[in-house]
Every structure is written in structure tokens, then in C-alpha cells.
Amino acid sequence: MGVIRDGGARVAAPGYGAGMTSKETEPLIASEADLVARTGYPGQTPVEDWLGELCELADWFERDGDETCFHITMCRYPPSAQYTVQLSYPFPLAALEEEAERAEMYFRGAIHAASLADGESIGDPALEDDVTSELATDVLGADPEDLVAVLGETWVRMDFDVDRDDRGETIYAWFVPSGDRMVGLGVGADALHVVPLLGSDAEGFEVGELPEPTVSLWWAGEWTGGVPQEDPAGTLASLRQAIAMVAGSPAGTSPSGSNDHEVRLSTKNLLLAGIDLDFEVKRGGSKRGTLSVSEGGLLWRPAGAHRRRGRAKSGIKISWSQFADWAES
């Protein structure tokens, strides 16, 4: 067996030596002294120096453990992230090397997930400040076009009070669909969180406290021979399934792949003195915005500008006189 996660730490599972390669048949690490001897590093912190070479993104280390186990927490800031390794003696050196590689992937995931908080949307790379490419390439290891197909529409970034999951792991950025699907997507260092949204347009929206991780990133599962068993395609497939289970497919999604825009009409505030009309405009199932037509003129609200609280773009308003001058110019 490989290593298993236990309370956020990595703990060597019984029978680790089964099926080992020739490299793994080297003498097991039975104590701190054995580990120091095997690393071959001089000085007062040989283990930390050796791990620092394997996990270059770790800024410092915090040691614990006793004669029964090796225990170390690798730390980084910014962003604030910790990765704890706990291996019961005896264990093969390869187990610790694998954990150092996992820690490097974890910190890299934290860095890229935190950077998504600077974006405005995912799902439409043509939009300004859209971070679809960053989420796909840097976090998921996938093709941006494949991620666009999974998301099905534009998702806008939102700020929620919940910034950790039930493991205590940081959720660095939240996104919600610009359409009507009541679902939120949170991005952590090693997992995605697909959760139902609570609330309403009038009261605002929120997510449940301390959600469980929904989809583990491809490198966070089991490894065999120092290589992850999963791949990015598996992560994307799991994400698609999770979104469908929570929220279904976006309304108006057309399987034909037509380039025509989908325009829906709704009425509100009907008065004898005038009529206001709202045109919801979508393309390829992705909402582009809403065009409001009234006696005063036209108002274009980009997706996410009015529907949900959070960082939103302002609308573009033009009077009928201005519109006529533009049309006739």
C-alpha cells in the first residue's frame, strides 16, 4: 500500500513494502538518525535542507514527532499554506520523497488558486479579467476550451464569508453562474468545492459553512511508483458531474453549437404610463448580459452586474437621443 491521509497529515500505511521496486528495497528509515544519514546533508538542519531541495516552494519547516514517527509541517507565505507529513517508522525514503513532491504540488496549487481572486469571471476567456485559462492550465492542468465546455456559461467571482472547508483548508476564490443555477464553485489548493447556494436575489446569497471538498485535483489522490494515478481529464469529468448533480445544465444550452445569440424576453413593472422590457442575451448557453428597454432609453448590464452581490461591473446607459445619433452617424 501507499500512504494514506489521516487528519490532514500523511501517515504510512501498514505493509508499505509490498510490490516495491529495486529502489524501494533499500533499508527502511527506522529513526531520525537513519534519515539524517540517508540524506547526506551536513549542518544543524540536514533533513530540512534536504526537503527544501525537493520542495522549493516551502519557506520554512516546523518539526514535531517522536521515536515512533517522523512528523514535519512545511509552511509557505504568501499565500498562507501548510502541508503536514507524518510517517510512522520504519518507512522507505521514497515515501518521504513522494510527500515532498506532493507538498510542492500543494503549494503550487495554493499560489495559483489565490491568484484567481484577482479575476472577475471564468467560463468566457473573451471577457476582460476572465481567469478561465489560469484555472484550467495552472490549477487543473487542463485545456481552457475543455473547462469552458464543463462550465457551460460565464461564472462571476463572488466574495463569501466561508473561506475554509471542513478540513480547515483555505478556499481561495468563489465563483457563481451568471444565470439562474444556484451553485457555487470554490477553489482550494488541492480540491474544488461544488455547493448549492442559499438565499435569494433580494436577501443575497451565501454558501453553507465549512463545505466538504467535492472534487480532488488529479495529483491529490493515490500515487503509484511516484506518479499520480489520476489525470486532469478525470478531474474535469468529476467537476462536470458534480455541477450537474447540484445545479443541472445551464438553461438555453444548445447542442447544435450555433453561433446565433439566444435572446429571451421578460416584462416587469408594467404601468399605464410606460413599459419596461428586459432582454436576456446568451451565446452558446453563456449569458452575456441583459438589455433593458424603457421610455428613458437603453441600459446594457453585463453578466453579473446586477444579479448577485460581490464585485460587479456597472451597466452602460444610453438615451434614445444618443442612440439615434449613434445609429445615424
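Brief remarks on what is shown
- Number of residues in segment 128-174 that are part of a loop (DSSP other than H, G, I, E, B) and touching a residue at least 40 places away in the same chain (Cβ under 8 Å) equals 14.
- Residue within segment 116-135 that is over 27 Å from residue 301 (Cα atoms) and at pLDDT 95 or above present: no
- Taking segment 207-240 as the range and being among the small types (Gly, Ala, Ser) and without any contact (Cβ under 8 Å) to a residue 12 or more places away in the chain as the test, the residues that pass are 221, 237.
- Residue satisfying all of: in segment 38-48; under 24 Å from residue 225 (Cα atoms) and surrounded by 12 or more Cβ atoms within 10 Å (Cβ to Cβ); modelled with the lowest pLDDT among these: 39
- One residue stands out among those in segment 205-236 that are outside any loop (DSSP other than H, G, I, E, B) and surrounded by fewer than 13 Cβ atoms within 10 Å (Cβ to Cβ): the one that is nearest to the chain's Cα centre (by Cα), which is 227.
- Scanning segment 66-106 for residues that are surrounded by 23 or more Cβ atoms within 10 Å (Cβ to Cβ) and farther than 21 Å from residue 36 by Cβ returns 81, 83, 106.
Yes or no, residue by residue, for (1) assigned to a loop (DSSP other than H, G, I, E, B); (2) aliphatic (A, V, I, L, M); (3) not assigned by TED's automatic domain parsing to the domain that holds residue 192:
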site: 42; (1), (2), (3): yes, no, yes
site: 52; (1), (2), (3): no, no, yes
site: 63; (1), (2), (3): no, no, yes
site: 70; (1), (2), (3): no, no, yes
site: 85; (1), (2), (3): no, yes, yes
site: 99; (1), (2), (3): no, no, yes
site: 103; (1), (2), (3): no, yes, yes
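- Here is the figure for segment 129-157: residues that are buried (at least 22 other Cβ atoms within 10 Å of the Cβ), under 16 Å from residue 114 (Cβ atoms) and not charged (D, E, K, R) total 4.
- Test: residue in segment 218-238 that is more than 25 Å from residue 137 (Cβ to Cβ) and either modelled with pLDDT under 80 or aromatic (Phe, Trp, Tyr) (or both): no
- In segment 181-204, the qualifying residues are those that are free of Cβ contacts under 8 Å to residues at least 60 places away in the same chain and more than 22 Å from residue 232 (Cα to Cα), and the one that is surrounded by the most Cβ atoms within 10 Å (Cβ to Cβ) is 197.
- A residue that is in a strand (DSSP E or B), more than 19 Å from residue 116 (Cβ to Cβ) and among the small types (Gly, Ala, Ser) occurs somewhere in segment 178-200.
The values are calculated or read from the model by the stated rules, or taken from the named source; none is laboratory data. The shown structure was predicted, so the numbers you read here are calculated from the model rather than taken from an experiment. Don't worry about glycine lacking a Cβ; one is built from the backbone with ideal geometry, like all the others, and counts go over all protein chains shown.
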